[in-house]
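The values are calculated or read from the model by the stated rules, or taken from the named source; none is laboratory data. As the structure is a computational prediction, the values presented were derived from the model and not from experiment. Backbone-built Cβ (ideal geometry, glycine too); neighbour counts: all protein chains shown. To get the accessible areas, we keep the full protein, side chains included, count just its heavy atoms, and leave off ligands, DNA and RNA. Shrake-Rupley method; radii C 1.70, N 1.55, O 1.52, S 1.80 Å.
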Amino acid sequence: MSAIRTAKLQLRKSMHQRLLQLSAVDLSSQSQLVQAHVLALPAFQRAQHVSIYLSMDSAEAQTYGLVEQALASGKSVYVPRCHGQQMDM
């Protein structure tokens, strides 16, 4: 395994552990900050099509509000779908 790949795996594990330590309140608050930032981006505002992952009930930024806002503003929303190691939209 390459050094870069190993470093990426270690970073992902480290970040996952840090995210698991966030309280539900902190996760919600940070998710709202991310959502506000994305919604304010000129590129997002101009976009007619966006790709957004659907967040799981785990330690990751919650994206449902972002999906709702994108749909409400008439954007086409694309969500990745995973089949094992393969992903499509």
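From the square roots a ≥ b ≥ c of the eigenvalues of the alpha-carbon gyration tensor of segment 1-50, which class results: rounded (a/c under 1.5), prolate (a/b over b/c), or oblate?
It comes out oblate by the Cα gyration axes.
Stretch Ser14-His83 to full length: gain in nm at 0.36 nm per residue minus the Cα-Cα span?
Length gained, Ser14 through His83: 22.3 nm.
Each label point is 7 Å from the Cα along the Cα-to-Cβ direction; what then is the distance between the points at Ser2 and Gln30, in nm?
Once both label points are built, they end up 2.8 nm from each other.
Would you compute the Debye intensity of the chain from its alpha-carbon atoms alone, equal scatterers and no solvent, and pass along log10 I(q)/I(0) at q = 0.14, 0.22, 0.23, 0.26 Å⁻¹ to two decimals?
-0.66, -1.14, -1.16, -1.21
Can you give the angle from 0 to 90° between the axis of helix 24-40 and the longest principal axis of the chain, with both taken from C-alpha atoms, to the nearest 10?
That works out to roughly 50 degrees.
Could you state the accessible area per residue of the chain in Å², with a 1.4 Å probe and every protein chain left in place?
Normalised by residue count, the accessible surface of the chain is 79 Å².
Could you run the Karplus curve 6.51 cos²θ - 1.76 cosθ + 1.60 with θ = phi - 60° over segment 14-21 and give me ³J(HN,Hα) per residue in whole Hz, x for Gly and Pro?
Listing the rounded values in order: 4, 5, 4, 5, 5, 5, 5, 7 Hz.
So what is the relative contact order for the chain, in percent, with contacts set as C-alpha pairs under 8 Å and at least six apart?
24 percent
Would you work out the charge dipole size for the chain about its Cα centre, treating the Cβ of every Lys and Arg as +1 and the Cβ of every Asp and Glu as -1, and quote it to the nearest 20 debye?
Using Cβ point charges on Lys, Arg, Asp and Glu, the chain gives about 380 debye.
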